[in-house]
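Notes to accompany the following structure.
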């Protein structure tokens, strides 16, 4: 009986503190993320990436709309750096999709974190948690006229 009372007391004390998981939404510079050394090294296959309503050459063929949803470990990283790393992973996924579909670009790229549309030519949206950061993008894989 004594153990039961102690257990109930412990549970009531623990339940008095609400469990709060961090789930922030932040916006960061696309240019800063694209200019990371790792991005300059890995996103160099001659493909075009256009965010929001950025202008581009005429579309010869639309291969479809695709999603890239990437997360990264944020432990010990600044929110911005973790988001830049998730951004790079998402862009590498798009780069693979361009190759697979036979296109040469992804246009109309927009943030779609937790199904919230955010369109910008200069910023992307990222979710920051206590231990994870993530981005979700939607974009059209296309073949642009050269």
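The values are calculated or read from the model by the stated rules, or taken from the named source; none is laboratory data. Model, not experiment: these values are computed from the prediction. Every residue, glycine among them, receives a Cβ derived from its backbone with ideal geometry; neighbour counts consider all protein chains shown.
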Considering only region 52-61, I want to know if a residue exists there that is at pLDDT 95 or above and under 22 Å from residue 23 (Cβ atoms). no
Is at least one residue of region 51-59 surrounded by 15 or more Cβ atoms within 10 Å (Cβ to Cβ), touching a strand residue (DSSP E or B) at 6+ places or on another chain (Cβ under 9 Å), on the phi > 0 side of the Ramachandran plot and in a loop (DSSP other than H, G, I, E, B)? yes
Listed residues 39, 31, 82; which is out of contact with any strand residue (DSSP E or B) (no Cβ under 7 Å at 6 or more places or on another chain), modelled with pLDDT of 95 or more, in a helix (DSSP H, G or I) and farther than 18 Å from residue 119 by Cα? 39
Take region 60-97 and flag every residue that is in contact (Cβ under 8 Å) with a residue 60 or more places away in the chain and either crowded, with 16+ Cβ neighbours inside 10 Å or within 18 Å of residue 122 (Cα to Cα) (or both). 63, 66, 68, 70, 71, 72
Only one residue in 90, 105, 130 is modelled with pLDDT of 95 or more and out of contact with any helix residue (DSSP H, G or I) (no Cβ under 8 Å at 6 or more places or on another chain), so which one is that? 90
